[in-house]
Amino acid sequence: MKTRLLKSVIIVAGFAMLSSASYAENKESKENKESKKETVCFESRDGRSQVVKREVKKGVPNVKCSSTTGGVLWWGDPFDGTVPMGAMPITADYTNEEAVVKPREKEIDKNKLLSVCTTACHNGEYVPVPTSMKPRKLTMHKDIVPDSMNLQHGRGGIWCLNCHSATNRSKLIDNFDNEISFNQPQKLCGKCHGPIYRDWRDGIHGKRIGMWQKGGKKRWWTCTECHNPHDVQHGTRNSGFAQLAPELAPEIPKGMKTTNHENHAHGDTPWWEGIFGGSHH
């Protein structure tokens, strides 16, 4: 009887140890997965400008992501992953400085693009050149353009092949069928949106980061990083992208009771009374 009882105790203890070890192992595995989980946020337009947070040098991340909006708050290295903008037809700031952009050409590499297209939809054959440039119902690319007969750009005046090359799918084209790199969509957009293009060129429209002194290196945001060219008429403001929610107000610094001093009108009351209260001598 004692022997059976002892065996039972040993078995129960063994199960308890195994369960404890298994729990510790699962917990450690879960913690490792959490620590290895990538932090992804977007730079300008959610779904188009995602960037993975990583260290560019010890203790310095490439970006700081907002927990409120999912957008980038600041850049540890504003030039990380950029390439030269390339030649532009009109002289402007980018002509007299080191202007860089985030590339898209590598995402639309000709060989990779054609292999995906031929395998997925064209039975292994080369993607055919359309015999007609007229709008037609598309059975593919619905994730980009849900209804190809109702393209939300140009109010019915343009279609896919007005911007995309029919013979070289990894290039854009202008009004004269000249090829344009996906790294320089501003060359295409500016053909129709002249006033906005001029504002972008002069720094009034769009965004730049980097060295702000004249002639300093800067990263320029191109049109499609902020505007969705396939759905640009979407939204109440006809902007093609939703406005970000504002960040939460920062906490009041230690030692301050209120932020009333920000509304304080200059007068006889010392400014510090609005911050710390009482009088200081």
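Averaged across orientations, what area in nm² does the convex hull of the alpha carbons in region 38-100 project?
For region 38-100, the mean projected area of the Cα convex hull comes to 5.6 nm².
Each of Asp143, Asp202 has some number of other Cβ atoms within 10 Å of its Cβ, and from fewest to most they run Asp143, Asp202.
Write down Rg/Rh for region 166-232, rounded to two decimals, with Rg from the C-alpha atoms and Rh from the Kirkwood relation over Cα pairs.
Expressed as Rg/Rh, it is 1.01.
Computed from the C-alpha gyration tensor, the three semi-axes of the ellipsoid equivalent to region 83-226 are 31, 18, 13 Å, from longest to shortest. Relative contact order, whole percent, for region 83-226 stands at 28, derived from Cα pairs under 8 Å and 6 or more residues apart.
Each value in this text was obtained by applying a stated rule to the coordinates, not by laboratory testing. Not measured: the values here are computed from a predicted model. FYI the Cβ positions are ideal-geometry reconstructions off the backbone, even for glycines, and counts take in every protein chain you see.
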